[in-house]
1. What residue, among those in the range 89-126 that are closer than 23 Å to A151 by Cβ and of a type in the set (S, T, N, Q), is surrounded by the fewest Cβ atoms within 10 Å (Cβ to Cβ)?
2. Kindly check whether there is at least one residue in the range 155-168 that is more than 20 Å from E22 (Cα to Cα), outside any helix (DSSP H, G or I) and of a type in the set (S, T, N, Q).
3. What residue, of T65, T98, T58, T37, is hydroxyl-bearing (S, T, Y), closer than 25 Å to N154 by Cα and out of contact with any Pro (no Cβ under 7 Å at 6 or more places or on another chain)?
4. Would you mind stating whether D86 is assigned to a loop (DSSP other than H, G, I, E, B), surrounded by 13 or more Cβ atoms within 10 Å (Cβ to Cβ) and touching a strand residue (DSSP E or B) at 6+ places or on another chain (Cβ under 7 Å)?
5. All but one of (1) more than 14 Å from N149 (Cβ to Cβ); (2) surrounded by 13 or more Cβ atoms within 10 Å (Cβ to Cβ); (3) in contact (Cβ under 8 Å) with a residue 24 or more places away in the chain hold for Q47, so report the exception by its number.
6. Against the condition touching a residue at least 60 places away in the same chain (Cβ under 8 Å) and basic (K, R), how does R139 come out, does it pass?
7. Looking only at residues in the range 115-152 that are in a loop (DSSP other than H, G, I, E, B) and under 25 Å from W33 (Cβ atoms), which one is modelled with the highest pLDDT?
Amino acid sequence: MTEQTTSQVRRNSMLGMTLHTEILIEASPKQVWDVLTDFASYGEWNQSIPYAQGVASTGTLLRVTIHWPGLRSSPYVLEVLAAAPDRELRWMGRFGKTGLMDGDHRFVIEPIGVSRCKVTQTEYFYGWLVPFFAPWLRRNVLSGFEQMNAALKNRVETGISAEFSGMS
């Protein structure tokens, strides 16, 4: 199975833009969820978010370092808006003050049969800075989503192989 991610960018309005990616993973939604929400292990596999601390629970805060391709790492505090095990993880991040450039980030896990699922990663950016940052969002952030999707797929599918071979 390839690590191909399908991606698209949509301008919702002058001040809003959505980045959307999808990838198929040969695993159950629970296996994907377990890796996606094991924040302490992000540094082992996730180049886009090499540091994450917190709990996947609605209303909690995550402390993360985000490193989009071609840009320097930056710390963020993200508010978990939804955490539905094996189905959805959603958080809100802000660049500066509320309304400058806010990002509503969502992972949706959809089962396809018993041991396959589709992971959709989207982020709706909105605020006064979106028109100025649009090229950067299209180029760097979307590339980071694609990179994270491929790394998530690799981590989940490699972990499954290790479990079946008795290595974990």
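The values are calculated or read from the model by the stated rules, or taken from the named source; none is laboratory data. All of these numbers come straight from a predicted model, not from anything done at the bench. So basically every Cβ, Gly included, is an ideal-geometry build from the backbone, and we count neighbours across all protein chains shown.
1. Here the residue is S115.
2. So the first thing to find is which residues in the range 155-168 are more than 20 Å from E22 (Cα to Cα), and the list is 159-168.
Next cut, outside any helix (DSSP H, G or I) only: 165-168.
So of that shortlist, the ones also of a type in the set (S, T, N, Q) come out as 165, 168.
Yes, some residue in the range 155-168 is more than 20 Å from E22 (Cα to Cα), outside any helix (DSSP H, G or I) and of a type in the set (S, T, N, Q).
3. Numbers: T65 fails: out of contact with any Pro (no Cβ under 7 Å at 6 or more places or on another chain); T98 fails: closer than 25 Å to N154 by Cα; T58 fails: closer than 25 Å to N154 by Cα.
Checking each option against the conditions leaves just T37.
4. Working: assigned to a loop (DSSP other than H, G, I, E, B): yes; surrounded by 13 or more Cβ atoms within 10 Å (Cβ to Cβ): yes; touching a strand residue (DSSP E or B) at 6+ places or on another chain (Cβ under 7 Å): yes.
When the stated conditions are applied, D86 passes them.
5. Q47 satisfies every listed condition except (1).
6. Working: touching a residue at least 60 places away in the same chain (Cβ under 8 Å): yes; basic (K, R): yes.
So R139 passes the test.
7. Taking the range 115-152 first, the residues in a loop (DSSP other than H, G, I, E, B) are 115-116, 127-129.
Keeping just the survivors that are under 25 Å from W33 (Cβ atoms) gives 115-116.
Numbers: S115: 91, R116: 95.
Among those residues, the one meeting the criterion is R116.
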